[in-house]
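The values are calculated or read from the model by the stated rules, or taken from the named source; none is laboratory data. These figures come from a predicted structure and were not determined experimentally. Heads up, the Cβs are rebuilt from the backbone with ideal geometry, glycines too, and the neighbour counts pull from every protein chain shown. With ligands, DNA and RNA removed, areas are computed over all heavy atoms of the protein, side chains included. Shrake-Rupley method; radii C 1.70, N 1.55, O 1.52, S 1.80 Å.
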Amino acid sequence: MRRLALSSLLALSATLAMTPRAHAAGFIVVDPTFHPIVPPNIVRPIHRPGHPLPAPGGTMLHGSVSFGLHLQSEDIKVEINDQVAKTYITQTFANETDQNLAGTYLFPLPEDTTFSSFSLHIDGKPVEGKILEANEARQQYETIVRQMVDPGLLEYADYKTVRARIFPIPAHGTKKVEFEYTQILKAENGMLKYNFPLKSKGESGEIDNVNVNVKLASKQGVRTIWSPTHAITTTRDGDHHAKIAMAAKNSIPDKDFLLYYSVSDKDMAANLLTNKAPNEDGYFLMTLSPPLKSNQVVARDIVLVVDTSGSMRGTKMEQAKKALKYIVNALTPEDRFSIVQFNTDVEVYKYSVVAANEANKKGAISFINDLDARGGTNISGALQMGTSMLGSKNDRPAYMVLMTDGEPTVGETNWRALAKSFAPKRDIRLFDFGVGYDVNTALLNKLAEEHHGTAQYVEPDESLEATLSSFYQKIKSPVLSNVHITYSGVDVKDVYPREVKDIFAGSQILLLGKYKNGGSASVTISGDVNKVGKTYSFPMKFAQEDASHTYLPRLWAMRRIAHLTDVAQENNNSKEVVDEIVVLSQKYGIISQYTSFLVTDPSENHRWAQPSVAFNGPSGSGIIRRGGFAPAPSGVAGGAAGGGGGARLAYSQNIWRQQSDNKGRGIAVDRFQTQGMNSTPAAMPMSDLSANLMASKSMPMVGVDAVKKAKQNESLKVASVMSEEKDSSGAMKIVGDKTFYLRDGFWTESAALDAHHPALETIEFGSKRYFDLIGSVPGISKYLSVGDQVIFIYKDHGYKIVKSGTATTTG
């Protein structure tokens, strides 16, 4: 009986060694030697409603972080006055065990900041805490990592840390920790950065509620407010005050919270952030931000074009009327406008744009009230009429707003010919809104792209009125029109958005691009304000080497993928373009219209779930691992198809299966659905897969899928926050500028999947060499924290971290 109990205990210990652990910004390391109630080192978790049931029996304590504890809530309040930030954190921990616990509270202070004071309270009572300097903190983390055989804490190895003893943490009770500190924010090329270490490690231990609230005040006008890590809401109270909020429920925060803002009292502000590895192209983000309000009104010409076909009957028609009235009432007396309604026929409020005075506005409201849904959809006739109203060249900025819920059924119905026929005689900004799922997304996207506008899609459960009202608020006050941006002293390329036509009051423009060879440069922004030219010049410093702002390459890749998706669809899914999309998707872990993240079925004789890039093509969907190899599943014939060996893909019974080459390697491709495939090739090189998938026809242009994909691509075009998509298996991680995939038990950086990567130095997890790396190679700790088996490239050196006792060779 004792032998059985001992074997069960050992099995439990082995299971726990693989159990994901979670720890948040401030966390508690449970003391395994404190066990006054239940047998040594055993605690019994309780079940929280809405969460998975705990495993039967007890849970072994290994000194693990937050093991037996649950972080119920985390509330972060920040007050920033000029460059001084005071942060107040309240964390509530719940002890979900049958015994009292003791532990050590650790809070890793944000890096690269200067602290002036801090205070710590436990359940409202002041507690003495100690700040561990970086070297001392590193030793503390290394000790915990050795005990837990878990590298997660190495993320904070270069941080200062506040440490305090906590006792007792009552059984089935809670402990509230309140921590306050003050810091001086640093400016980077005019941008001020606030950083809060919000990230949690592991795959378990959700936090019920996380709230971040920032009050921002500055003597100079607050301009750009931006977070590359989280979706935030911003409320401005004049030029000098703003409130920023972020909230999440039942989440495991996977990124630290970053907030950037800039201040200026000038008419136009520009700031620059860069990231550049040695001997590689650099990435930059330049922000352009005017004041919250314009000093003068810019006169505009606006034509509103509304679909009144039969399919608009009901709620859509009522919402369209309300949206039209909102815009008409918001026009300034200096504006000129008219309205076009189209069904089978085309009718207008006025045949040319008229002044937005009270009489004309009143007449327009009456015209809107009489709109009635009937007949077909004559988009070509409506666009031609709107073009005629706006006339020929004029110095006033011209806008056309198109609302439609269907494909063209009257007039020109071929979408390519229709888009080509829209050729206004003056420079028009065309903004179109597709309502519902019957719109032709290819047409609307093309019209917007060719005419300096945007395409937005309103799904049936969304409000057209709210969408259009919000849009108009953003464009109602242009401060600079016919904008041109030039760079001198630096070579830039692939800048997105590719064109900025107008800059609006209260807006901020984020330009993401690449550059060669850093150095001092000048950026010039020129344009017109009521027929008067204006020019702004900004000196900029493009870094020759910059390891910070590691999120910039990924944000740039999101916008690059969006652009390439449009190019691919306009060119019958060109193989070369699709190939580049797939490479970018894998390198940066970004879901696109052509890729998604899947894993193979664990029951298919795979030792590890293998992440794959899935191609969403018109002939079906396929899965491929580009650049990686895996053992062939049982039942799959070996040997290369065709002559010369090499990895190839074999087709059998509607399933693409892995096939080995003459070295026993293979490329795994699973469950390939071949709907509509005209041919059944015996074998096909990996590099030809995307061309085969995409060749038969274009991606869908109409329907639910088309609208969803169009919205996804439009969001990538304006992306300013790192993508949140993840594979459902947890077999992908993004850390800094690197994307890791789980390959045969190793977290492998995408760059290390390339056959030409540097030779790998094999290092045992927890060895002296392992911990020496942290102190001798600055910045490497965050990549070591990915797991106890990791393969990655850092500063042209390859590393292969293996579990203790498994290292044999280096190479």
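Things to note:
- Taken over segment 759-799, residues that are out of contact with any Gly (no Cβ under 9 Å at 6 or more places or on another chain) and in a strand (DSSP E or B) amount to 6.
- Sole exception among (1) in a strand (DSSP E or B); (2) open to solvent by less than 50 Å² (accessible area, probe 1.4 Å); (3) among the acidic types (Asp, Glu) for GLU155, by number: (1)
- Positions within segment 488-523 being at pLDDT below 95 and of a type in the set (Lys, Arg), in sequence order: ARG498, LYS501, LYS516
- Within segment 697-714, restricting attention to residues that are open to solvent by 60 Å² or more (accessible area, probe 1.4 Å) and either modelled with pLDDT of 85 or more or not in a loop (DSSP other than H, G, I, E, B) (or both), the residue that is nearest to ILE590 (Cα to Cα) is LYS708.
- Residue count for segment 328-345, restricted to those that are open to solvent by 40 Å² or more (accessible area, probe 1.4 Å) and closer than 19 Å to LEU383 by Cα: 3
- If you go through segment 378-400 and keep only what is within 22 Å of PHE504 (Cα to Cα) and part of a helix (DSSP H, G or I), you end up with just LEU390.
- Any hit, segment 279-296, residues being without any contact (Cβ under 8 Å) to a residue 24 or more places away in the chain and more than 22 Å from the chain's Cα centre (by Cα): yes
- Residue tally, condition modelled with pLDDT under 80 and not polar (S, T, N, Q), over segment 121-148: 1
- Residues of segment 108-120 that turn out to be touching a Lys or Arg at 6+ places or on another chain (Cβ under 8 Å) and modelled with pLDDT of 85 or more, as a count: 1
- Residues in segment 210-221 that are hydrophobic (A, V, I, L, M, F, W, C) and open to solvent by 10 Å² or more (accessible area, probe 1.4 Å): ALA217 only.
- Test: residue in segment 137-144 that is touching a residue at least 60 places away in the same chain (Cβ under 8 Å), within 25 Å of LYS803 (Cα to Cα), part of a helix (DSSP H, G or I) and not basic (Lys, Arg): yes
- Filter result (open to solvent by less than 40 Å² (accessible area, probe 1.4 Å) and either in contact with a helix residue (DSSP H, G or I) (Cβ under 7 Å, 6 or more places away or on another chain) or free of Cβ contacts under 8 Å to residues at least 40 places away in the same chain (or both)) within segment 98-128: PRO108
- Screening THR409, THR454 for residues that are among the hydroxyl-bearing types (Ser, Thr, Tyr), closer than 25 Å to VAL529 by Cα and surrounded by fewer than 23 Cβ atoms within 10 Å (Cβ to Cβ) leaves exactly one candidate, THR454.
- Qualifying positions in segment 779-792 - surrounded by fewer than 20 Cβ atoms within 10 Å (Cβ to Cβ) and either in contact with a His (Cβ under 8 Å, 6 or more places away or on another chain) or within 10 Å of ALA157 (Cα to Cα) (or both): GLY779, LYS782
- Residue match in segment 738-757 (condition: open to solvent by 30 Å² or more (accessible area, probe 1.4 Å), farther than 24 Å from LEU584 by Cβ and not charged (D, E, K, R)): no
- Matching residues, segment 310-362, being under 28 Å from VAL297 (Cα atoms), of a type in the set (D, E, K, R) and assigned to a loop (DSSP other than H, G, I, E, B): GLU334, ASP335, LYS350
- Residues (in contact with a helix residue (DSSP H, G or I) (Cβ under 9 Å, 6 or more places away or on another chain) and either closer than 21 Å to SER311 by Cα or not in a helix (DSSP H, G or I) (or both)) located in segment 419-434: PHE422, ALA423, PRO424, LYS425, ARG426, ILE428, ARG429, LEU430, PHE431, ASP432, PHE433, GLY434
- Only listed residue being open to solvent by 60 Å² or more (accessible area, probe 1.4 Å), within 19 Å of LEU153 (Cα to Cα) and in contact (Cβ under 8 Å) with a residue 12 or more places away in the chain, chosen from SER767, SER776, SER804: SER804
A quick yes/no check of all residues on (1) in contact with a Leu (Cβ under 8 Å, 6 or more places away or on another chain); (2) touching a residue at least 40 places away in the same chain (Cβ under 8 Å):
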{"residue": "VAL340", "(1), (2)": "yes, yes"}
{"residue": "VAL353", "(1), (2)": "yes, yes"}
{"residue": "ASP370", "(1), (2)": "no, no"}
{"residue": "LEU390", "(1), (2)": "no, yes"}
{"residue": "MET400", "(1), (2)": "yes, yes"}
{"residue": "ASP405", "(1), (2)": "no, yes"}
{"residue": "LYS420", "(1), (2)": "no, no"}
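- Among (1) in contact with a strand residue (DSSP E or B) (Cβ under 8 Å, 6 or more places away or on another chain); (2) open to solvent by less than 30 Å² (accessible area, probe 1.4 Å); (3) free of Cβ contacts under 8 Å to residues at least 60 places away in the same chain, the one test that TYR349 misses: (2)
Listed here are the residues, each with its yes/no results for (1) within 19 Å of THR550 (Cβ to Cβ); (2) not aromatic (Phe, Trp, Tyr).
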residue	(1), (2)
GLY173	no, yes
ALA217	no, yes
SER227	yes, yes
PHE257	yes, no
LEU272	yes, yes
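- All positions within segment 779-801 that are without any contact (Cβ under 8 Å) to a residue 60 or more places away in the chain, closer than 22 Å to LYS255 by Cβ and among the hydroxyl-bearing types (Ser, Thr, Tyr): TYR783, TYR794
- Screening LYS425 on (1) charged (D, E, K, R); (2) surrounded by 17 or more Cβ atoms within 10 Å (Cβ to Cβ); (3) touching a Ser or Thr at 6+ places or on another chain (Cβ under 9 Å) shows it passes everything except condition (2).
- Scanning segment 758-768 for residues that are in contact with an Asp or Glu (Cβ under 9 Å, 6 or more places away or on another chain) and farther than 25 Å from GLY589 by Cα yields PHE765, GLY766.
- Here is the figure for segment 541-590: residues that are in a helix (DSSP H, G or I), β-branched (Val, Ile, Thr) and open to solvent by less than 10 Å² (accessible area, probe 1.4 Å) total 5.
- Selection status of THR535, out of contact with any Gly (no Cβ under 9 Å at 6 or more places or on another chain), surrounded by fewer than 17 Cβ atoms within 10 Å (Cβ to Cβ) and not aromatic (Phe, Trp, Tyr): no
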